[in-house]
Amino acid sequence: MLKSFNARMPLDTFKALYNRNYRLYFTGQSISLIGTWMQRTAVSWVVYTLTHSTFMLGLTLFAGQFPTFLFTLIGGVASDRYNRYKVLLITQILSMVQASILAFLVLFTHYQVWEILVLSVFLGIINAFDVPARQSMVNQLVADKKDLPNAIALNSSMVNLSRLIGPALAGIALEKLGNGVCFLLNALSFVAVLVSLFLMHLPPQVIRKNQGNMLKELKDGFTYIKHSPFISNILLFLALTSLLVLPFNTLIPVYAKEIFHGTASTFGVIDSFIGVGAFSGALFLASLKAKVDLSRLLAFDTLLFGIGLLLFSHESHYYLALFFAVLVGFGMMLQVTISNTQIQTSVAPEMRGRVISFYAMAFFGMMPLGGLLVGFISQHIGAPKTLLLEGAICLLLGLGRILTLQKQKNLKKAEILEELVEELG
């Protein structure tokens, strides 16, 4: 029986890939995301090399993600109002244009930090429309909706496998080939995702007729979330984590250069080990059975995430720090993916794009603000103490989540007991 279980487990882990459209999407996005992580790594390294300022690292994160926060609600409405496939096609083409311009600037001009920040803002606006369309379209890529949680988990594994590979390649390219090559390779990587999109045969998207104006649809989305306590609690928890904990990666260049006295390759290796943990977490989620209590898992994962940050924060031994980086990546990935899975599997289809846009706003909106906050605090107390503080906050959030779940469990028991008393009475 154990042998039979082990034989079936790989099939269960990768079952969403039996869907042709999802398989195309997975392949194209995997290649493109490796280029995206190469660009992210290169941008952080270039900015820190030019400025030697942790505040500028935070500002770079802010420039890339705060525009997503500002426009993602409009992107969510667009995802529900228009064909998501066409929206995604446009955003991927524009992302390729952004990467090409960045590569041209770095390769052929005397570039300055403000130019990188402007292009980061441009990409942030693109992502405001890309994320709701891309996340919502996953539902259309699987024929059997029971495969949706697996598809979301595999999607996270794809993101984090690219996070493992991309920074390592970026570190090598930065040292051997120069900054501009990272941006050029990212631009070329979009060819893969565009080809995969052109090869897809998607079922028609149901688009509501007689749509109201955009402000009314935004209000409808907010009202829906307000009256859905399960979804609103997830979004609040994600927003707090994104503001106070997830911006820890803003400080990774500081650890690479100042604490471990390394180079761009050191930065790439640390980021890749975070990716190893994240990829492992994604495969762990993809292998879970449907009956697993994700809310409980999320609460205990938050504690694990906090412990990982605490251990990494003051670790001066490089190889031991890499082990703790794996733990941090594992905890980080479960945070984001479980939240996404719980929302995607509980939201009404006609509200999917707008709710995903609130999810993106909680994630991408809070992180840049947190990046500025982390950059500012670390300028005054140093990177290790700042990361220690983030780990402590993460532990408090995890304990709060556990207490909330216990309170909900007790209320449910009280309701059942009350109903039983009424029946007996």
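The values are calculated or read from the model by the stated rules, or taken from the named source; none is laboratory data. Bear in mind that the values here come from a model prediction, so they are computed numbers and not experimental data. Heads up, the Cβs are rebuilt from the backbone with ideal geometry, glycines too, and the neighbour counts pull from every protein chain shown.
Quick notes
- Checklist (1) crowded, with 18+ Cβ neighbours inside 10 Å; (2) farther than 21 Å from GLY398 by Cβ applied to TYR319, failing item: (1)
- Tally, over the stretch 331-351, of residues that are closer than 17 Å to ALA299 by Cβ and touching a Phe, Trp or Tyr at 6+ places or on another chain (Cβ under 8 Å): 10
- First in the stretch 359-378 and free of Cβ contacts under 8 Å to residues at least 24 places away in the same chain, second anywhere and buried (at least 24 other Cβ atoms within 10 Å of the Cβ), Cβ under 8 Å, 6 or more apart: ILE377/THR386
- Test: LYS146 is among the basic types (Lys, Arg), more than 30 Å from LYS289 (Cβ to Cβ) and out of contact with any Pro (no Cβ under 8 Å at 6 or more places or on another chain): no
Residues are listed down the side, and each one gets a yes or a no for (1) assigned to a helix (DSSP H, G or I); (2) modelled with pLDDT under 75; (3) of a type in the set (Gly, Ala, Ser):
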residue	(1), (2), (3)
GLY353	yes, yes, yes
ILE356	yes, no, no
TYR359	yes, no, no
GLY375	yes, no, yes
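Every residue, every condition in (1) surrounded by fewer than 22 Cβ atoms within 10 Å (Cβ to Cβ); (2) of a type in the set (A, V, I, L, M); (3) closer than 12 Å to VAL43 by Cβ, yes or no:
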{"site": "LYS86", "(1), (2), (3)": "yes, no, no"}
{"site": "VAL97", "(1), (2), (3)": "yes, yes, no"}
{"site": "ILE101", "(1), (2), (3)": "yes, yes, no"}
{"site": "LEU107", "(1), (2), (3)": "yes, yes, no"}
{"site": "HIS110", "(1), (2), (3)": "yes, no, no"}
{"site": "TRP114", "(1), (2), (3)": "yes, no, no"}
{"site": "VAL131", "(1), (2), (3)": "no, yes, no"}
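- PHE305 surrounded by 22 or more Cβ atoms within 10 Å (Cβ to Cβ), among the aromatic types (Phe, Trp, Tyr) and more than 30 Å from HIS52 (Cβ to Cβ): no
- The set of residues from the stretch 133-146 being aliphatic (A, V, I, L, M) and either within 14 Å of SER79 (Cβ to Cβ) or buried (at least 23 other Cβ atoms within 10 Å of the Cβ) (or both) comprises ALA133, MET137, VAL138.
- Flag if VAL138 is over 21 Å from LEU369 (Cβ atoms) and among the aliphatic types (A, V, I, L, M): yes
- Unique residue being over 27 Å from LYS219 (Cβ atoms) and surrounded by fewer than 21 Cβ atoms within 10 Å (Cβ to Cβ) when the list is GLY382, GLY370, GLY329: GLY382
- Within this structure, LEU283 passes the test of being under 23 Å from ASN150 (Cβ atoms), touching a helix residue (DSSP H, G or I) at 6+ places or on another chain (Cβ under 7 Å) and surrounded by fewer than 20 Cβ atoms within 10 Å (Cβ to Cβ).
- Number of the exception - HIS261 against (1) more than 30 Å from LYS176 (Cα to Cα); (2) part of a loop (DSSP other than H, G, I, E, B): (1)
- Selection within the stretch 272-319 - among the polar types (S, T, N, Q) and part of a helix (DSSP H, G or I): SER272, SER280, SER295, THR302, SER313
- Counted residues, the stretch 212-248 - those being within 16 Å of LEU388 (Cα to Cα) and surrounded by fewer than 22 Cβ atoms within 10 Å (Cβ to Cβ): 2
- Within the stretch 75-91, the set of residues being modelled with pLDDT of 85 or more and either acidic (Asp, Glu) or farther than 15 Å from LEU202 by Cβ (or both) comprises ILE90, THR91.
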